Amino acid sequence: MSLQFSYTTGPKTQRKENDIVLLKQKRGKDPAPILSKPLRPGSLIATEKGRGSIAADDILGKRARDIVRNTKGIEFRILEPSLGEYTDLSPRLVTPIYSQDTSLIVSLLDLHPSNPGADNRGGHDKLEIFEAGTGHGALTLNLARAVHGANTPAPPIPQIKSEYENADAELEANAAQGIYHNWRGNRRAIIHTLDQSALYSKHAQKVVKDYRQGMYFPNVDFHVGSIGNFLSQRPETPSLDHAILDLPNTDHYLEIVGKALKSNGALITWCPSITQIIKCINLVKESHLPLLLVRVIEVGAGFSGGREWDVRLVKPRALSKAKSQVTESGPDEEEPPSVEELSVFVNTPAQNEGWEMICRPKVGMRIVGGGFIALWRKMEQDFEPVMDEESPADLLSSSDES
Ligand SMILES: C[S@@+](CC[C@H](N)C(=O)[O-])C[C@H]1O[C@@H](n2cnc3c(N)ncnc32)[C@H](O)[C@@H]1O
C-alpha cells in the first residue's frame, strides 16, 4: 500500500472515481457551467432541469477537454474546476467569500511558507493561521492551498468505518489512522478554522475534502464552538501567525484574537459595511489595542482587485484646516475634490473626546454597497493606535494615492 497521498493532473490524466469535473456546453448560448458531484460509478449528473443527464461512467476514464454527450445528445466539454470555480459553484449552506475576494485576502497575508527541510523560518516554528467562521469553507480551502508547500506529503486520509470485514482490515485501518495522526502532529503549517455551527463546519469539511480528492484537507483543523473557548485552550504566549474574522460583530473578538496573535501578525476582518470597520477602529482606540489599521479595501461587483478607502480618526482642528485649504485654492488651478465631497463624517463615540472619523473611498466619489476587508497588524503592547493630529496636506494628498 502506498503511504503517499497523490493527486495527479495533466493533459493525459484520466478522470477517476471521486474526481469532480466542470461541464461546459460546447455550443449554444453558453449557460453556466455545471459542477459535478464526486464521480461515482453508476451515478448521473443532471445537466439542466428536465434537460437530460450525463452518466458518471461516461466521464470516468476521460481526460480534461474531452467531449461527452448528455441523454438529449447535447455535447459538453469536460474541464477541471479551478479552486475559485469550485468554491463559487459548490452547493452551499451559507454565503462564501467569493473567489476574487478570497484571492485578495490570501495575497494580503503575504505568506511565504518554507519547504520542509529549509531552515529559513528561524527554528522551524509552526505556521498557524486562525480563521472564524468557517462558513462554506471557501477561504479555508484557499488558505490550505497557500500553505500546502510547507508540509511534507500527507499519507492517505483514513476512512472511518463503524464495522470492518475482518480483524486484519481493522488492524490495517488502525495502522493507517496512526500514521495519519502522527503526520498531523508534525505539520509545519496548520489552518485552524472555527465555526459555532456544527452543521456548517461539517458541510465545510466535505467541501474541503471533496476538492481534488482531499489534497488540501490534511492542512486544516476544523473546530466547532466559541472563539473564546478555542483560544483559552491554546498557549498563553501569542502563537498565531495570522487570523481572519468573517462573522458578525467582528469588534467583539478583536481584543481576544489580537492577544493570541504574534507580534507583526496580520489580522484580516471582513465586514459587510464600513460602519462595522469604524466600530473596530473606535474599539481599538478606546481599549488601547495594539493593532495598526494598515488598509481598508472595498470589494464587490464592479471592483477589480478592490477599491481602497481612507478610514481613520483625526482631530477636528486638522480637519477644518484642510477644509479651508480646499476653499482657498485659486480658480485657475485644477481643484481637488473637497473633503466634504469625498468624505462621510460619521458620528462616533470618539467624537466626545475631540476626534472625528474620516471615511471615504480613496478613488471616486460614490459610496456603494459591497464588503470591506480591513488589514490590521499586531504591534507592541505600548503602541499608540492613532496619530494625534494629521497635517492638512497629508489629509488631502491621501485621497490622491493609489
Ligand atoms: C459568512 S460565513 C463565513 C464564510 C466563509 N468565510 C467562507 O469563505 O466560506 C459566517 C460564519 O460565521 C459563523 N459564526 C457566526 N458567529 C460566530 C461566532 N460567534 N463564532 C464562530 N462562528 C460564528 C456562522 O455560523 C457562519 O458559518
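The values are calculated or read from the model by the stated rules, or taken from the named source; none is laboratory data. Given the structure is predicted, the values throughout are model-derived calculations rather than measurements. With ideal geometry, Cβ positions are generated from the backbone for all residues, glycine too; neighbour counts draw on all protein chains shown. Accessible surface areas use protein heavy atoms only, side chains included; no ligands, DNA or RNA. Shrake-Rupley method; radii C 1.70, N 1.55, O 1.52, S 1.80 Å.
Of the residues screened, PRO41 is not one that is within 27 Å of THR140 (Cα to Cα) and outside any helix (DSSP H, G or I).
For the criterion of being within 13 Å of the ligand (Cβ to nearest atom), in a loop (DSSP other than H, G, I, E, B) and touching a residue at least 12 places away in the same chain (Cβ under 8 Å), LEU289 fails. Close contacts from the stretch 241-256, counting a first residue that is closer than 20 Å to GLU128 by Cα and assigned by TED's automatic domain parsing to the domain that holds LEU104 and a second that is among the aromatic types (Phe, Trp, Tyr) and surrounded by 24 or more Cβ atoms within 10 Å (Cβ to Cβ), with Cβ to Cβ under 6 Å and a gap of 6+ residues or different chains, come to ALA243/PHE130. Examine the stretch 201-208 for a residue that is more than 25 Å from GLU80 (Cα to Cα) and either open to solvent by less than 30 Å² (accessible area, probe 1.4 Å) or at pLDDT below 95 (or both), and state whether such a residue exists. Scanning the stretch 201-208, I find at least one residue that is more than 25 Å from GLU80 (Cα to Cα) and either open to solvent by less than 30 Å² (accessible area, probe 1.4 Å) or at pLDDT below 95 (or both), so the answer is yes. As a summary of the residue check, ARG212 satisfies the conditions (1) open to solvent by 20 Å² or more (accessible area, probe 1.4 Å); (2) more than 16 Å from the ligand (Cβ to nearest atom); (3) farther than 18 Å from ASN18 by Cβ except for the one numbered (3). If you go through the stretch 173-202 and pick out every residue that is free of Cβ contacts under 8 Å to residues at least 12 places away in the same chain and away from the ligand (no atom under 16 Å from the Cβ), you end up with 6.
So that you can scan it fast, the table gives a plain yes or no per residue for (1) at pLDDT below 55; (2) β-branched (Val, Ile, Thr); (3) outside the structural domain of GLN381 (by TED's automatic domain parsing); (4) part of a helix (DSSP H, G or I):
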| position | (1), (2), (3), (4) |
| --- | --- |
| VAL294 | no, yes, yes, no |
| LEU313 | no, no, no, no |
| GLN325 | yes, no, no, yes |
| GLU341 | yes, no, no, yes |
| ASN352 | no, no, no, yes |
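Close Cβ contacts (under 9 Å, 6 or more residues apart or on different chains) running from residues in the stretch 74-97 that are away from the ligand (no atom under 13 Å from the Cβ) to residues that are open to solvent by 20 Å² or more (accessible area, probe 1.4 Å) and assigned to a helix (DSSP H, G or I) comprise LEU79/GLU85; GLU80/ARG212; PRO81/LEU89; SER82/SER99; GLU85/SER99.
The residue that is nearest to the ligand (Cβ to nearest atom), among those in the stretch 241-256 that are assigned to a helix (DSSP H, G or I) and in contact with a strand residue (DSSP E or B) (Cβ under 7 Å, 6 or more places away or on another chain), is TYR253.
For the structure I just gave you, tell me whether ALA144 is hydrophobic (A, V, I, L, M, F, W, C), open to solvent by 40 Å² or more (accessible area, probe 1.4 Å) and in a helix (DSSP H, G or I). Considered against the rule, which asks whether it is hydrophobic (A, V, I, L, M, F, W, C), open to solvent by 40 Å² or more (accessible area, probe 1.4 Å) and in a helix (DSSP H, G or I), ALA144 comes out as no.
Residue-level check: of (1) modelled with pLDDT of 90 or more; (2) within 16 Å of the ligand (Cβ to nearest atom), GLN100 misses just (1).
Residues considered: GLY149, GLY137. Of these, the only one that is closer than 17 Å to VAL220 by Cβ, within 24 Å of the chain's Cα centre (by Cα) and away from the ligand (no atom under 16 Å from the Cβ) is GLY149. Here is a check on your reading of the model: is PRO337 open to solvent by 10 Å² or more (accessible area, probe 1.4 Å), at pLDDT below 50 and not assigned by TED's automatic domain parsing to the domain that holds LEU231? Yes: the conditions hold for PRO337.
When the stretch 149-170 is filtered for residues that are within 21 Å of ILE190 (Cα to Cα) and open to solvent by less than 50 Å² (accessible area, probe 1.4 Å), the ones remaining, listed by number, are GLY149, ALA150, ASN151, ALA154, PRO155, ILE157, PRO158.
SER114 meets all of the listed conditions (1) open to solvent by less than 60 Å² (accessible area, probe 1.4 Å); (2) at pLDDT below 95; (3) part of a helix (DSSP H, G or I) but one, namely (3). Only one entry of PRO238, PRO218 meets the criterion of being part of a loop (DSSP other than H, G, I, E, B) and open to solvent by less than 80 Å² (accessible area, probe 1.4 Å), and that entry is PRO238. For VAL294, the conditions (1) surrounded by fewer than 21 Cβ atoms within 10 Å (Cβ to Cβ); (2) under 21 Å from the mean Cα position of the chain (by Cα); (3) within 16 Å of the ligand (Cβ to nearest atom) are fulfilled apart from (3).
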